[in-house]
Each structure stands twice: as structure tokens, then as C-alpha cells.
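The structure under discussion appears below in the form of C-alpha cells.
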Amino acid sequence: MRQLLILYFLVFVWFNATAQDKGFEYNYNINLNKVDNDKIKVTLQFPATDETTLIYQFPSIIPGTYKVYDFGRFITKLKVYDANNNSIPTERLDVNRWSINNQTLKATKITYWVSDTWDSMLPTRVFEPAGTNIQKDKVFILNNHGFFGYFEGKMEAHFTVKVSKPSTMYGATSLKPIKTSSLTDTYAVDNYHRLVDNPIMYSEADTASVQIGSTNVFIGLYSPNKKLDAKTTAKSLKEVLKAQEKFLKGKLPTDRYTFLIYLSDKPSNSGANGALEHWNSSFYFLPEMNAKSILPIIQEIASHEFFHIITPLSIHSDEIAEFDFMQPKMSQHLWLYEGVTEYFAGLALVQEHVISENAYLEALHQKIITSTTLYDRNLPFTELSKECLEKYSVEYSNVYQKGALIAFGLDLVLLENSNGKYGLRDLMLDLSERYGANVSFQDDQLFDIIDDISNIPEAKEYLIKYVTTSTPLPLTQMFHKVGILYQEEKISKTTTFGNVGLSMNDKDQIIIDDITELDEFGKKIGYQKGDVLLEFNKIEVSADNIGTIINDFVNHPESFPKVKILIERKGKIIKLKSKTQVNELIEENVFEKEDDCSEQQQKLFNVWLNKSSQ
């Protein structure tokens, strides 16, 4: 699973409570039956306005991709007309914007062609779950920001989209069409945020649904060679979602959720596989494999993506609530939006026994190795977050590594200082209840808010020290609290028994059977082939204890400054003597359960992994 380059990405929506642009409405038409060289024509009709200039535009970036894609690059042959079909002059201001002269003739219609991003050879390839796919008579991926633009200052107007389609295709989406037939679907949304937030996948119908508490979960799947089906996928996802429902104490903040899963039998054009999250859906682009191979991957990614219904969809700052599609201002709290989500994704699965304890601990171990070796460990996480689009773009993926470790550390601080009664999950649920989808907080006030809600001052101190400064996470101390030994570099004393080959004679005695690769100690003490081992430092040697003797000697040479080995050689009893040669063994990134945990360590470990009742 880890051999796949899996990039986890988030997209979210904030439904602005301001009034819509009264009297203005977007009416889009798109025909999936008419495809020209992987391009589709789009028609927009709208009421005339008295504005002298109109600016029509496509997003330069969408929330959560943390990369500028400039979706206007894929728009060609844009033309503008008035109500009498007269052409109106336009000027392309930049890659994403067109200026429309609305003084003499009043614009009421725009037409243009949209190119497929999945096949594009243009630089800065678009991550597939954020892009567009046009395969005539097979499958269409409508990430709506790639097909439909908006006028500057009119994002809050109402949008209607009519999709003409082949009768054999079904549109899988969280949107509910206001009209539908075998040949057309019509969707209506309140604003552009809502439109972008709901991708649609048109293909031959392969769907399934499961009920998780009060939430209806729908799966739409496309597998070109039928290696997987939606029903099998739904059964696998149900296990994950039930675990998450229990982890969130039954509080799933949406009544419906849709998984759109595209399995590809071709290499990714962007070089990545993964998913993109929305408010009540997520879109997946993954390699087509057999069910046994791909389902664990889908489970792992889905666990992360679904948890975004908590952060940032129910907990977010003003930067997210007022997202600017053209020139966004990034929040400083990616540790919260991505780090906590990634941490919860694994924690919920191990607590509810979907994955094993060893698998989860090894996943944390790998996050330590990745975050400390591939990224700048001294970069303040708030700086990384604010500058992730440009200055620190190469550091972005650390949000899934160090970000999750930050969340782990915060969880321990909360649990430790509440005697196990209040953890990070409780904090997130409390934050979600205070704010929710429609209320945001100010970015620079989050730590004070956490201090107020948790009433645990150590939490704020931890966040200030390890999120806002260059102070590295105290990983050794953090894991020691739960009885896990982590050392970035461990120097051990060791030695050898001489690098000899041992066997047993017909009297069940241990003999030196091979001396072809004797090391320095073996030569110094004087082993010869056929020597029978009788005693080691006055301990009688037998088949039952030879392993223990060698293990103790090799791993604890300080306990054996001198060695005396009694042997039998050709009928004679001989004593071999030598000083022990002590070597240093350097191990990197040691991560293992401690042998003798204290009662306090074990208690915190049990609370952390929900093992108290086991």
C-alpha cells in the first residue's frame, strides 16, 4: 500500500449567508453527446445587466488543492452575444479572465469549449480528482470549476446546469437534480461555492448505498475492466464508516455522503493518485486493481477524507469561509485541517479494530521517519501553512506526516492533564458544536479558543511552542508517555561470539563446526574446528542454553569484561581466555514497545487506543 504515491488532498465549501444577487441567474447547458477531440461546448445564458463592463472568469485555484492550476487555460473559443445573437467584443485579460464590453450591446450569452485536463500536455498537470475527464460514450468527470465560470462580483447568484447525456449514462453526485429523464439532468444550486463543491461522474450506472446511523452513504464507481463493483466497495467502506461513527460518538454532521470512485487502467497524467474532499462527497482517482489489492487503499484514503466533515468543514477560520478562488489567503492551521484529520483517520480504525495495533504503530513510525528525513523539521508549521502555495510548496505534504504527529502530541497533552477524560476527539466535537459549517473563527484566535473550551492551559502552551516556533516536536518524550521507545539515534554496546558455525555432536554437545569466517575475536580466543563447548564463564553449556548465553554476551558485553571458555579438544580439556572486544552499534529511528512500562504509561496507552475495557 505504501508503495503507491498517494497524495491526500482536501476541498471544502463555505456556504456564505449573504444575500444572493437578486435578479441574476446563471443558466448553463452542456451536451455530453457532442464531443470533439476530447472537448465539449458549454453555453451560458443570463439576464442582461446595466454594468458597462463584465468580467467573466474561472478559478486559478480551488480550496484544498494548495496549488495554482489556472483552469482558464483549458477554455478556448470563448464568444459573447446579446439577446439578438449579435457578437460582443471581449478581451482576454489573463489566463483566467475575460473582459466583456457591455456598453452598447448587452451580453446575455457566452459559449466556449472546455478541454480535458486529464489528457493535457500543458505544464502544471492537474491532480485528477480536481480536473476534468471527457471520454465520449464511456465516462465524464465534471469537476464543475473546470466547466463553468462566474462573473466577478456575482458568485452568490443562483446557478442552473442542464446536462444532456447518453441514455446509457447515470450521473453520480451528491446533488439532487430538480429534473431528470433518460436523456437530461437539471441541477440547481444557490451559489458558485455550492456548484464547485459537487462533482458529478457520468458513466454506466454502478452504484450502491449503505445506511450509517442517520447518514445515507452512496457509492458511484467506474472500473473500465470491471475489476471492482460498487456493492463490494460499499461493504468494505461500511466497516470504516461504522468505526468513524463510533469514534465520533454517533455525531455525523451530514445526512448524506457520496463516494465517487474512478479506477484507471492508465497511468496518472499528474503523477499522483488520491482523493479530493468536499462537504458531503469525495472523488477518488486510483489505479484499477483486483478487489483484494485496492479495497484496503480505498479504506485508508476514505477514512481520511470522510473525517474532513469535522475539519475544516465544521471547524474553520475566516480564510476558509471567505475563500478567494483567484487570490486565496491561506490559513495558518493546516495542522488542524490536515494533521488532525490524518491522525483521526488511523486512530479511529485501530480503536475499532479495523486495523491492528502493530499496523497503526508502524504507520506512526513511518510518519516520524518521513517527517524528520524528507522535510524541514525546524520550519514553524504556521509558516508552512500560510506560505504553502509558493514559498514552502515542497514542504506541503508534511501536513500528513508531522501534522499528524502534532495532533498525536496534543491528544496526549489533553488526555494526560484530564486524567484520561478529555482528548482531542472531545475537543474537536466541542469546537464543531460551537462553530459548525456556518460560523468561522479568526485565524489568530484559535489557540485561545482551544484554551477556553478545553480549560487545559498546557494545550495552548504545547501549540504555541511546537506549532508557531521552530522547536522540533519532543518525539522521544511524547512516545515515552505511552510506553513506546523512540530514539532518532541509539548507540548500543555489542560484541561477537567469534563468527563461528555451531552444531551438535552425537552426544548432544555444542561443537565448533565452521571457522572459515572467524572474526578478530574468534582468532584471538583461538577456536578450532571440532572444539566442544563445555563452559562459558563457568556456566555449563548445553543445547538448551547456548542461545541465551550468546545473546546475553553479544548484546550486553559490558557484563563480560573477560571471557573464559572451557572446551574439549581431541580428548583434552583446554581453557580459552580473552578480553571482550566491545563495539558500538548505531541504530537509527528505533521505535519499539518498552519492556517495563509503568502503571501510568500503560494507563495512558490504554486510554489513547481505547483499550481500557479490553
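The values are calculated or read from the model by the stated rules, or taken from the named source; none is laboratory data. Keep in mind it's a predicted model, so treat the numbers as computed, not measured. Using ideal geometry, Cβ is built from the backbone for each residue, glycine included, and neighbour counts are taken over all protein chains shown.
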Of all residues in the stretch 376-417 being more than 26 Å from Leu427 (Cβ to Cβ) and among the hydroxyl-bearing types (Ser, Thr, Tyr), the one that is surrounded by the fewest Cβ atoms within 10 Å (Cβ to Cβ): Ser393
Output the residues belonging to the stretch 429-463 that are surrounded by 13 or more Cβ atoms within 10 Å (Cβ to Cβ), out of contact with any strand residue (DSSP E or B) (no Cβ under 9 Å at 6 or more places or on another chain), closer than 23 Å to Ile310 by Cα and at pLDDT 95 or above. Phe447, Ile450, Asp451, Ile453, Ser454, Ile456, Ala459, Lys460, Tyr462, Leu463
Quick one: count up the residues across the stretch 464-518 that are in contact with a Ser or Thr (Cβ under 6 Å, 6 or more places away or on another chain), hydroxyl-bearing (Ser, Thr, Tyr) and farther than 18 Å from Asn378 by Cα. 2
Any idea which residue in the stretch 513-528 is farthest from the chain's Cα centre (by Cα), counting only those that are surrounded by 13 or more Cβ atoms within 10 Å (Cβ to Cβ), within 19 Å of Ser578 (Cα to Cα) and free of Cβ contacts under 8 Å to residues at least 40 places away in the same chain? Lys523
For the stretch 480-495, does any single residue satisfy the condition of being closer than 30 Å to Leu609 by Cα, assigned to a helix (DSSP H, G or I) and touching a residue at least 24 places away in the same chain (Cβ under 8 Å)? yes
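Restricting the stretch 387-428 to residues that are of a type in the set (S, T, N, Q), more than 18 Å from Pro474 (Cα to Cα) and part of a helix (DSSP H, G or I), which is modelled with the lowest pLDDT?
Here is the first cut: in the stretch 387-428, the residues of a type in the set (S, T, N, Q) are 393, 397-398, 401, 417-419.
Now narrow it down to the ones that are more than 18 Å from Pro474 (Cα to Cα): 393, 397, 418-419.
When the remaining residues are screened for being part of a helix (DSSP H, G or I), the result is 393, 397.
Numbers: Ser393: 90, Ser397: 93.
Filtering the stretch 387-428 for residues that are of a type in the set (S, T, N, Q), more than 18 Å from Pro474 (Cα to Cα) and part of a helix (DSSP H, G or I), the one modelled with the lowest pLDDT comes out as Ser393.
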Residue selected from the stretch 561-589 under the condition in contact (Cβ under 8 Å) with a residue 60 or more places away in the chain and in a loop (DSSP other than H, G, I, E, B), by the criterion farthest from Val500 (Cα to Cα): Val582
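How many residues does the stretch 115-168 hold that are of a type in the set (A, V, I, L, M) and farther than 21 Å from Glu25 by Cβ? Walk me through it before giving the result.
If we filter the stretch 115-168 for residues that are of a type in the set (A, V, I, L, M), which is where we start, we get 121-122, 126, 130, 134, 139, 141-142, 155, 157, 161, 163.
Next, from what is left, pick out any that are farther than 21 Å from Glu25 by Cβ: 121-122, 126, 130, 134, 139, 141.
Of the residues in the stretch 115-168, 7 are of a type in the set (A, V, I, L, M) and farther than 21 Å from Glu25 by Cβ.
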Checked against (1) within 30 Å of Gly571 (Cβ to Cβ); (2) among the acidic types (Asp, Glu); (3) in a helix (DSSP H, G or I), Glu517 satisfies every condition except (3)
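Among the residues of the stretch 66-78, is any in contact with a strand residue (DSSP E or B) (Cβ under 6 Å, 6 or more places away or on another chain), in a loop (DSSP other than H, G, I, E, B), crowded, with 16+ Cβ neighbours inside 10 Å and at pLDDT below 95? Step through it out loud before you land on a result.
Going through the stretch 66-78, the residues in contact with a strand residue (DSSP E or B) (Cβ under 6 Å, 6 or more places away or on another chain) turn out to be 74-78.
Subset that is in a loop (DSSP other than H, G, I, E, B): none.
Checked the stretch 66-78: no residue is in contact with a strand residue (DSSP E or B) (Cβ under 6 Å, 6 or more places away or on another chain), in a loop (DSSP other than H, G, I, E, B), crowded, with 16+ Cβ neighbours inside 10 Å and at pLDDT below 95.
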Listed residues Phe560, Phe591; which is in contact with a Ser or Thr (Cβ under 6 Å, 6 or more places away or on another chain) and either of a type outside the set (S, T, N, Q) or loosely packed, with under 15 Cβ neighbours inside 10 Å (or both)? Phe560
Can you confirm whether the stretch 223-239 contains a residue that is at pLDDT 95 or above, of a type outside the set (Ser, Thr, Tyr), on the phi > 0 side of the Ramachandran plot and out of contact with any Lys or Arg (no Cβ under 6 Å at 6 or more places or on another chain)? yes
